[in-house]
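Below is one structure, written out as structure tokens; comments come after it.
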Amino acid sequence: MSTQHVIWDDALIQKYNYSGPRYTSYPTALEFSESFGYPQFLHATQQYPQRPLSLYVHIPFCHKLCYYCACNKIVTRQRHKAEEYLGYLEKEIQQQAKLFAGRTVSQLHWGGGTPTYLSHEQIARLMTMLKTHFHFAEEGEFSIEIDPREITLDTLDVLKQVGFNRISLGVQDFDKRVQEVVNREQDNDFIRAMIQRAKQLGFRSTNLDLIYGLPLQTRESFRHTLEQIVALQPDRLSVFNYAHLPSRFAGQHKIKEELLPSPAEKLAMLQETIEYLTAQGYLYIGMDHFAKPDDELAQAQRDGVLHRNFQGYTTQGDCDLLGLGVSAISMLGDAYSQNQKELQVYYEQVTQLGHAQWKGCALERDDLIRRDLIKALICNFTLDPQQLEAQYGISFADYFAEDLKLLQPFVNDGLVVIDNQILRVTATGRLLIRNICMCFDVYLRQKARQQQFSRVI
């Protein structure tokens, strides 16, 4: 299928630009409950024992607070805290790995916080720990998030040496004034040198993260950043919308609201970003993601097998995902599970029980049906109802009668077309894919919780 173009329609975007989930899962994390305990987690690990394994490891530490950040992190310069954390993480790894004996790890991702907060020795120690307790595929997708500040160029050599083959760099913006006002000053030339070094070392893919909607950003300034970024030719780009929610994220209080671009300016920045990047040969994968046409994400979308999980879009849809570390989320069997979010509670529970499982949810049949539907729409912009009918023994029109009424305005506005029963999101509708998915979200209808989400654009 085509991944190439998006058609901008300002009036429709204004009409539908309300809050909504990002659908890294369905049901979303808001539905997680402490009634889902470790016995349910254990059951989930055994539901599909033949599935390969994807590991997510959360490293919560950061050297400095980036004011915009909404991640679960601990800002500290006390390096011994990372050493202490690895000790507890090892206990958790030892316990949880036993549940997956015989499975092969085909995907690994370290996120945070700042995984490169770890020293070179600690990076090697953690990777050895994982490879000792889990069986890794020879050829897998092994990625890590990198903060280009406070590291040296040879960090890349260490990462390659221990087995990483993909990197993701947090850039956010190349404009020095923007960097200062969000407390994330970095050396742009060092970022260029890192990307060059990654290519020399043979990393399979480099992703750069950018954020639009930050204080002092304008269309012109962000366009200038994009031009510099494209000159570096990264394989993938993630261009996130900054959601200003200081009531939920204390660090955001340090951002003065009067310095934020207006909603109209933000929309214009997004429009120009999409137009510029697609003109430069990148494909709009969906949501915030762009990739070169030969990238595995673009290939997976063309083949209709793109997947989505708590790290965003991925090519590995047939994996069980095990989250390790404080606050990490797992997608195992037909269930989601999250670890304890507070570091001390995480430590205490790992000491007492050997695991940190806190809450989650087991998916009912209706959840599974809707999850498959939402995943098809958000990943591939198309849905064949007959596949759902065959898999679940339902009549699509009857089962989703209420949902299809909610979808009708999108059909009327040309954002979705239904042709020979196939639902297709049009080039205009792709930017509003979250809203289209919301029509099928039964939890959202039951609870008017929209204030807890960021706007879709």
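The figures follow:
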| read-out | value |
| --- | --- |
| Region 304-318: number of residues that are surrounded by fewer than 22 Cβ atoms within 10 Å (Cβ to Cβ) and among the hydrophobic types (A, V, I, L, M, F, W, C) | 2 |
| Within region 146-155, tally of residues that are surrounded by fewer than 23 Cβ atoms within 10 Å (Cβ to Cβ) and free of Cβ contacts under 8 Å to residues at least 60 places away in the same chain | 6 |
| Total residues in region 188-202, condition farther than 11 Å from Leu169 by Cβ and open to solvent by less than 90 Å² (accessible area, probe 1.4 Å) | 5 |
| Failed item, numbered, when Ile274 is tested on (1) of a type in the set (A, V, I, L, M); (2) within 19 Å of Gly312 (Cα to Cα); (3) modelled with pLDDT under 90 | (3) |
| Residues that are part of a strand (DSSP E or B) and crowded, with 20+ Cβ neighbours inside 10 Å, drawn from region 22-57 | Leu53, Ser54, Leu55, Tyr56, Val57 |
| 1 or more residues more than 30 Å from Asp157 (Cβ to Cβ): qualifying strands (runs of 3 or more DSSP E) within region 200-306 | 205-212, 236-241, 283-286 |
| Members of region 350-388 found to be touching a Phe, Trp or Tyr at 6+ places or on another chain (Cβ under 8 Å) and under 21 Å from Gln94 (Cα atoms), listed by number | Val350, Thr351, Leu353, His355, Ala356, Gln357, Lys359 |
| Condition broken by Val326, with the remaining ones in (1) part of a loop (DSSP other than H, G, I, E, B); (2) open to solvent by 10 Å² or more (accessible area, probe 1.4 Å) satisfied | (2) |
| All positions within region 121-140 that are at pLDDT below 95 and either touching a Cys at 6+ places or on another chain (Cβ under 6 Å) or open to solvent by 10 Å² or more (accessible area, probe 1.4 Å) (or both) | Glu138, Glu139 |
| Scan of region 262-303 for residues that are open to solvent by 40 Å² or more (accessible area, probe 1.4 Å) and of a type in the set (Gly, Ala, Ser), ordered by number | Ser262, Ala264, Ala279 |
| Subset tally (residues that are among the small types (Gly, Ala, Ser) and open to solvent by 10 Å² or more (accessible area, probe 1.4 Å)) for region 76-96 | 1 |
| Criterion violated by Ser168 - all others in (1) open to solvent by less than 60 Å² (accessible area, probe 1.4 Å); (2) closer than 19 Å to Thr278 by Cβ; (3) touching a strand residue (DSSP E or B) at 6+ places or on another chain (Cβ under 9 Å) satisfied | (2) |
| Region 67-112: number of residues that are more than 26 Å from Pro52 (Cβ to Cβ) and either out of contact with any Ser or Thr (no Cβ under 8 Å at 6 or more places or on another chain) or not basic (Lys, Arg) (or both) | 19 |
| From Leu208, Leu226, Leu214, Leu259, residue being open to solvent by 40 Å² or more (accessible area, probe 1.4 Å), at pLDDT 95 or above and not polar (S, T, N, Q) | Leu259 |
| Failed item, numbered, when Asp189 is tested on (1) over 26 Å from Tyr85 (Cβ atoms); (2) of a type in the set (Asp, Glu); (3) touching a helix residue (DSSP H, G or I) at 6+ places or on another chain (Cβ under 6 Å) | (3) |
| Selection status of Glu138, free of Cβ contacts under 8 Å to residues at least 24 places away in the same chain and under 22 Å from Thr315 (Cβ atoms) | yes |
| Condition check for Val416: free of Cβ contacts under 8 Å to residues at least 24 places away in the same chain, open to solvent by less than 20 Å² (accessible area, probe 1.4 Å) and more than 22 Å from the chain's Cα centre (by Cα) | yes |
| Every pair of residues 6+ apart whose Cβ atoms lie under 6 Å, when the first sits in region 264-288 and is under 14 Å from Ile13 (Cα atoms) while the second is part of a helix (DSSP H, G or I) | Ala268/Arg219; Met269/Arg219; Met269/Phe222 |
| Criterion violated by Val182 - all others in (1) over 22 Å from Ile211 (Cβ atoms); (2) within 24 Å of the chain's Cα centre (by Cα); (3) open to solvent by less than 20 Å² (accessible area, probe 1.4 Å) satisfied | (1) |
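The values are calculated or read from the model by the stated rules, or taken from the named source; none is laboratory data. It should be emphasised that the depicted structure is a prediction, and the values quoted were computed from it without experimental measurement. Note: ideal-geometry Cβ built from the backbone for every residue, glycine included; neighbour counts use all protein chains shown. These accessible areas exclude ligands, DNA and RNA; they are computed on the full protein's heavy atoms, side chains included. Shrake-Rupley method; radii C 1.70, N 1.55, O 1.52, S 1.80 Å.
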